[in-house]
Amino acid sequence: MADITQRQAKTKLAWRAHLKPRSLGRAITTAFLFLGAWVMIFPFIWMISSSLKPTDEVYDSTFSIIPKTFKGFENYYGVLFDQPYLIFLMNSMIVCVGILVIQLLTAVPAAYALAKLKFRGSNILFGTVIAAITIPINVTSIPIYIGLVKVGLLDTYIAMMFPFFLSVFAIFLFRQFFRGFPDSIIQAARVDGFTEIEIIVRLILPSAVPAIAAFSVFSFVAHWNDLYWPLIVVQSQDKMTATLSMMQYQSNFDTDYGRTFASATVVTAPMVIAFLFARRLFIRGITMTGVKG
């Protein structure tokens, strides 16, 4: 009986000694994850907190998350009702939806051709697509702007959407996804008389919903938050996007930081809500479009 008790005690000591390093490792990992999460979340907390404060309190030396003087109602009321904010939101929606539709119409056939069709120069063409991902919009903005001025398209929806109609990132993403689609099914469809367009529409697209959802999130967020290009081509309030409308609270002499942060909060909220609804498809799309040879 005594031997059994001693063995149980030794087992417990050995188990505790084994658990200590693992518990310490988990604690350190949790601490790093918590720190990283706080770094990501804190700007949003600061934005919401500042949207509830008067301007003179936003950058006060004694910062506090809870406002000393609550001015949230005035700030949000000014953003939503003292200007045609529904028009700004509609403009952002039109631009984002228009860009996404054209991007899908151009990227899906191009990605299918690179993934499933054998033709001379396909590797060079795909390499060009990869290289084009590294070129920022700032490089091509001047010639595109001059071209839009020449044809008189400034201050239009087309001007805001035109530089983004072709997305090389979308071509790359869909190409990686399409490479995993079974060639045998495509060959069987060709034998049955399907054209390449019918194969894309009836076979490829239904299976590519996760990839399309993932790219849609990327595209919507990028162009909803875009300030650089609308700031260049928009000249009237009627064509302002929601993001661009934040510039109305800044001038050479004063900046209404309370309303600026309130506007930023209102602009950010739709994207956060949309992501919460589409997060499963987004994560599934990202995991299913891994890099394949």
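Table for the structure above
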item: Residue check, Val151 surrounded by fewer than 13 Cβ atoms within 10 Å (Cβ to Cβ) and modelled with pLDDT of 85 or more; result: yes
item: Residues of segment 95-123 satisfying the condition of being exposed (fewer than 15 other Cβ atoms within 10 Å of the Cβ), not aliphatic (A, V, I, L, M) and not in a loop (DSSP other than H, G, I, E, B); result: Ser122, Asn123
item: Selection from segment 202-222 of residues that are surrounded by fewer than 17 Cβ atoms within 10 Å (Cβ to Cβ) and under 20 Å from Gly98 (Cα atoms); result: Leu205, Val209, Val221, Ala222
item: Among (1) surrounded by fewer than 16 Cβ atoms within 10 Å (Cβ to Cβ); (2) modelled with pLDDT under 85 - the single one Gln235 does not satisfy; result: (2)
item: Any hit, segment 184-200, residues being of a type outside the set (D, E, K, R), in a loop (DSSP other than H, G, I, E, B) and modelled with pLDDT under 85; result: no
item: Those residues of segment 78-94 which are surrounded by 15 or more Cβ atoms within 10 Å (Cβ to Cβ) and either part of a helix (DSSP H, G or I) or in contact with a Pro (Cβ under 7 Å, 6 or more places away or on another chain) (or both), in sequence order; result: Gly78, Val79, Tyr85, Ile87, Phe88, Leu89, Asn91, Ser92, Met93, Ile94
item: Selection within segment 77-136 - among the β-branched types (Val, Ile, Thr) and free of Cβ contacts under 8 Å to residues at least 12 places away in the same chain; result: Val97, Val101, Ile124, Thr128, Thr134, Ile135
item: Of residues in segment 17-66 being over 29 Å from the mean Cα position of the chain (by Cα), in a loop (DSSP other than H, G, I, E, B) and of a type in the set (Val, Ile, Thr), the one modelled with the highest pLDDT; result: Ile66
item: Filter pass, Ala262 being surrounded by 13 or more Cβ atoms within 10 Å (Cβ to Cβ), within 15 Å of Pro54 (Cα to Cα) and modelled with pLDDT of 85 or more; result: yes
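The values are calculated or read from the model by the stated rules, or taken from the named source; none is laboratory data. Note that the structure is a prediction, hence the values are computed from the model and not measured. As a convention, Cβ positions derive from the backbone with ideal geometry for all residues, glycine included, and neighbour counts pool all protein chains shown.
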